Amino acid sequence: MEATHGHNKACCNIPPVVSSDYVAKGSYSQLGGMKTYATGPENEKKGIVVISDIFGYSDQALQGADILATSQHHQYKVFIPDWFDGSPCPSEWFPPDTEQKQKNLGEWFGNHMPQGPATALPEYVAALNAAYPSITSWGLVGFCWGGKVAEIITSVEENPFKVAATCHPAMIDPSGAENISIPFMLLAAGEDPAEDVKKFETQLNVPHHVEIFADQVHGWMAARADLSDSHIREEYARGYKTVLDFFEKHWE
């Protein structure tokens, strides 16, 4: 299937890896009108909102949130809201090798444009502030589809975040970097368009880190991470460490 709705070809064709052996450390509750996975110590002063890829609460995504919450140097309270209202993109549609699957996928993307969550994020963060008054500063991490959400929200005046990272983002648009107003990281896969990644970096006017994990597939830090492979597992862990190191350095 060719790229659709601005996503790159890898994003539209690689199926997620099903992993079933991870026991999540957090719990689910209703926050800001949405089911939300929350993990990490209570009464933290800094919180991270994670915007998942299109597959939602995969084991790899939950494990990643737990890693962000319980790093050795800093601990954060981490939240993953369910922007898909219990209906993430079905993994059975991948690869989209039939006309019906392609139709389904195109319609799903059309009904889940990243501009919607980006617009809703300030209100969602306000709800988190009400529920967790100890948190006084917010960071943001977006994966694939969620990476585009991160790009959009960090470019507007209503942005409630102090630092952000986007990992193997979909729909990389170099012009989108120009108005980003906070320290920003982009970690790309080898399958992501390298020329767009490099152009994006040149347009950033804030402290930043841009890196290409050349031998990793699009989605290696989220649902497409085959954690049974030792090298992928190492690069998955290195990706999260890179995010945490950047946050530690640039999040005041």
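Quick look at the values:
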quantity	calculated
Cβ-based net charge around Cys89, under 14 Å, with every Lys or Arg adding one and every Asp or Glu removing one	-2
Relative contact order computed over region 9-250 (Cα-Cα under 8 Å; 6+ residues apart), in percent	21
Per-pair calculated FRET efficiency, R0 = 41 Å: Lys199 and Ala131 via Cβ, rounded to 0.05	0.55
Segment Ser29-Ser87, extension gain: residue separation times 0.36 nm, minus the distance between their alpha carbons	19.2 nm
Span-like helix ranges in the chain, DSSP H, alpha carbon extent 20 angstrom or more, Kyte mean at least -0.5	115-131
DSSP-defined antiparallel bridges as percent of all bridges, region 9-250, nearest 5	30
Quotient of Cα Rg and 2.2 N^0.38 Å for the chain, N being how many residues it contains	0.93
Among Ala194, Gly116, Cys144 - extreme Cα towards positive end, dipole of the chain, charges at beta-carbon	Gly116
Cβ charges +1 (Lys, Arg) and -1 (Asp, Glu), total dipole of the chain, debye	520
FRET E, pair Ser230, Tyr22, Förster distance 22 Å, beta-carbon r, rounded to 0.05	0.85
Of the GluC sites (Glu not before Pro) in region 152-234, those whose Cβ has at most 16 other Cβ within 10 Å and which sit in DSSP loop	Glu157, Glu158, Glu178
Centre separation in Å (Cα based) which lies between region 77-153 and region 165-183	16
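Every read-out reported here was derived from the displayed coordinates using simple, explicitly stated rules and does not represent laboratory data. Bear in mind the structure is a predicted one, so any value in this text is a computation, not a measurement. With ideal geometry, Cβ positions are generated from the backbone for all residues, glycine too; neighbour counts draw on all protein chains shown.
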